[in-house]
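The values are calculated or read from the model by the stated rules, or taken from the named source; none is laboratory data. Given the structure is predicted, the values throughout are model-derived calculations rather than measurements. Here the Cβ positions follow ideal geometry from the backbone for every residue, glycine too, while neighbour counts run over all protein chains shown.
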């Protein structure tokens, strides 16, 4: 049996500008972890569903429900999930398809379900205005109008988003299209193409999920000391191919992860939030903040295990302990995967000269947020107030300023944006694509550019907010109309 306090040490130094090679990878101790022995478990891969066809519409049936999950043998944790006790199925969609999602609420309380990263009408967005009461069904219907991408869904109830996600209400959406059909990327779900929902949680002495906000967790967000990968503790995956595609989602409430391989080898990032990068980008460490997604390709060698790990970069804004997310165990004989193409896609780049409006957003926190002082431009979220009005079919630049002492992952509903620069410097190659979350570091200004297309509604707003969920719940959120 394996103690949760067992240390995992990197097998070789990670070269390059970030010195993480000597870091110890471990399960941090806690009052619960200190007395629990567990065996590694196979990675749980969420069921995938393509929905059912109904008069040309793909229909998905999902139910928000409470349940019990056995994260640790012999311990029964009260959780919430979607079509299950923890997390939800992966919704498989295609660009151009008409879809309807029947969201049934059996939680015993109000909630919502937001389609994070999806381009769709505001009234179908699942934000705090589209509340689903207990024992009710909400059925948004829309046409998928975006390129292949790894998106996700989660509750977005005013003031309760953090608690609902913490309990397990989240899942992934995978969009495919004709472009990805011919790229010969790893694409067999659960075999060489796996979704990985990365989270951390804090468990009480009796193995319950604790969500009690302290002054510290209001300021920093809720983070835990035990990692979960698709809801699996101490997960391993038996790989059968020479390349493995991992669709990474930082589904944590507040933790930013610095992901690396335990053998110090490079991996290739092929996609970010909104889909494929133009070309693969070789990395040793991938920084992923709450709400962000990335797709990576890992090269494997027969019989040589490797771990996907979180490491500390000692940059002052890491708030997750070092730990192991996934033990990848290649079989003794592997099926050869296709080579990665040099060109993945072509991105329609927006030009600064196309922008007709520039807006500035200041992401502000202080000790005052203990009583609701998390704000944007000095304003705390008010669901009855519209903060910005955008014209459809226009391009805008948003300047994101962070005068605070901590990082803020900034998310915009409806659109995929492009990063123009960070403090006047161009974005790194792996951020140079379509995004809907951008990490803004302390005392940094990030400029992003986006075009608002297709949908307008004078009454239903979209949200923009910090994706540290406790900051969002405390008021670091605003609303905009597209008219």
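Annotations for the structure displayed:
- Among the residues making up region 72-112, a single one is modelled with pLDDT under 95 and either under 20 Å from residue 198 (Cβ atoms) or in contact with a strand residue (DSSP E or B) (Cβ under 6 Å, 6 or more places away or on another chain) (or both): 72.
- Residue check, residue 129 in contact with a strand residue (DSSP E or B) (Cβ under 9 Å, 6 or more places away or on another chain), more than 30 Å from residue 38 (Cα to Cα) and buried (at least 18 other Cβ atoms within 10 Å of the Cβ): yes
- Residue 104 being in contact (Cβ under 8 Å) with a residue 24 or more places away in the chain, assigned to a helix (DSSP H, G or I) and either surrounded by fewer than 23 Cβ atoms within 10 Å (Cβ to Cβ) or in contact with a helix residue (DSSP H, G or I) (Cβ under 7 Å, 6 or more places away or on another chain) (or both): no
- Count of residues meeting criterion [over 13 Å from the mean Cα position of the chain (by Cα), in contact (Cβ under 8 Å) with a residue 60 or more places away in the chain and either buried (at least 16 other Cβ atoms within 10 Å of the Cβ) or assigned to a helix (DSSP H, G or I) (or both)] in region 179-201: 8
- Residue within region 246-263 that is at positive phi and surrounded by 24 or more Cβ atoms within 10 Å (Cβ to Cβ) present: no
- Scanning region 451-473 for residues that are crowded, with 23+ Cβ neighbours inside 10 Å and more than 23 Å from residue 288 (Cβ to Cβ) yields 461, 462.
- Note on region 212-225: residues that are free of Cβ contacts under 8 Å to residues at least 60 places away in the same chain and under 20 Å from the mean Cα position of the chain (by Cα) amount to 1.
- Taken together, the residues in region 120-160 that are within 30 Å of residue 348 (Cα to Cα) and in a loop (DSSP other than H, G, I, E, B) amount to 11.
- Taken over region 246-279, the criterion of being part of a strand (DSSP E or B) and over 23 Å from residue 115 (Cα atoms) is satisfied by 258, 259, 260, 261, 267, 268, 269, 278, 279.
- Answer from 96, 84, 74 - the residue that is within 21 Å of the chain's Cα centre (by Cα) and not in a strand (DSSP E or B): 84
- Filter result for residue 448 (in contact with a helix residue (DSSP H, G or I) (Cβ under 7 Å, 6 or more places away or on another chain), modelled with pLDDT of 95 or more and either loosely packed, with under 15 Cβ neighbours inside 10 Å or closer than 24 Å to residue 271 by Cβ (or both)): no
- Residues in region 110-119 that are within 24 Å of residue 382 (Cβ to Cβ) and either more than 22 Å from the chain's Cα centre (by Cα) or part of a loop (DSSP other than H, G, I, E, B) (or both): 110, 112, 113.
- Note on region 172-198: residues that are touching a strand residue (DSSP E or B) at 6+ places or on another chain (Cβ under 7 Å) and on the phi > 0 side of the Ramachandran plot total 0.
- Taking the conditions (1) modelled with pLDDT of 95 or more; (2) under 26 Å from the mean Cα position of the chain (by Cα); (3) loosely packed, with under 13 Cβ neighbours inside 10 Å in turn, residue 350 satisfies each one other than (3).
- Residues in region 400-416 include none that are surrounded by fewer than 19 Cβ atoms within 10 Å (Cβ to Cβ), touching a residue at least 40 places away in the same chain (Cβ under 8 Å) and closer than 20 Å to residue 273 by Cα.
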